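S.K.: Starting off with a structure, shown below.
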Ligand SMILES: *[C@@H]1O[C@H](CO)[C@@H](O)[C@H](O)[C@H]1NC(C)=O
């Protein structure tokens, strides 16, 4: 069975840092090899009980930024394992300027809105990545094909899309080298209808209340008018009846 390879730290590695690659074995082995882009980079003799081989790269250089995998050898029966799934060792080179970022919407949007985030890498080509704080893997990536500007669309956002977004890019010249992360934009997705709608509703209620109030005053006024009118009629009738009696 194949071993698995992991990277520690798994991201945010800068030139000059130290990184450790760990090859995890499914069974004891005689030795373990670490391969770099198809070439043997290093090997470790193993004893019977070891299930992990550690390879440290001290003071990481640009030449170290590439694909790695490991494999192990057993003696009985003699043979080599399958290769592990390759991992990319991406090194951040702070000599590349961080990309610019912009968002075409307000900071606060309603559920279901399509939000567009654009990132521009000043013509270094390569691939532009959209990252979300708290997520280890980029949420989207794009090859703007010479344009230098990637347009990321978050389709029909939900409250789960709320958060802080940043971009980075891997210049065309060296695809395992990354720029630093750029400035951030913050998105907040509200689950309730947006404020203008709510205002309209309350304004509508106000109009209804005013109309009702006016109608009540009018009806009351009419009532009072009829009562007074009726009373004056009675008084006049009483007067005329009284006159006849005399
Ligand atoms: C959002 O994008 C999707 C897919 O591109 C499209 O079908 C939909 O009409 C868009 N919605 C709005 C409100 O623009």
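Values in this text are rule-based calculations from the coordinates and carry no lab data. Here the structure is a predicted model, which is why all the values come from computation and not from measurement. We place every Cβ from the backbone using ideal geometry, glycine too, and count neighbours over all the protein chains shown.
S.K.: Taking the beta-carbon count within 10 Å as an exposure proxy, list 41, 145, 170 from fewest neighbours to most. Show your work: numbers first, answer last.
M.R.: Details: 41 16, 145 8, 170 25.
With the fewest neighbours first, 41, 145, 170 line up as 145, 41, 170.
S.K.: Another question about this same structure. Which order do 131, 24, 49, 94 fall in if you start with the one that has the fewest other Cβ atoms within 10 Å?
M.R.: 49, 94, 24, 131
S.K.: With N set to the number of residues, divide the alpha-carbon radius of gyration of region 100-190 by 2.2 N^0.38 Å and report two decimals.
M.R.: 1.06
S.K.: Between residue 8 and residue 192, how many nm apart are label points set 7 Å from Cα along the C-beta direction?
M.R.: About 4.7 nm separates the two model spin labels.
S.K.: Using the count of nearby Cβ atoms within 10 Å as a rough guide to exposure, how do 103, 46, 52 rank from fewest to most?
M.R.: Working: 103 17, 46 20, 52 14.
By the 10 Å Cβ count, ascending, the order reads 52, 103, 46.
S.K.: Quote the FRET efficiency, to the nearest 0.05, computed for residue 162 versus residue 73 with a Förster distance R0 of 45 Å and r equal to the Cβ-Cβ distance.
M.R.: So, using R0 = 45 Å, E works out to roughly 0.35.
S.K.: If you don't mind, there's one more thing I want to ask. Mark the label point 7 Å from the Cα of residue 24 along Cα→Cβ and return the residues of region 53-73 whose backbone N is within less than 19 Å of it.
M.R.: Under 19 Å, as judged by backbone N against the label point of residue 24, lie 53-56, 68-73 of region 53-73.
S.K.: Using a cut-off of under 12 Å, list every residue of region 57-71 whose amide N is near the label point 7 Å from the Cα of residue 88 along the Cα-to-beta-carbon line.
M.R.: Only 66-68 pass the distance filter.
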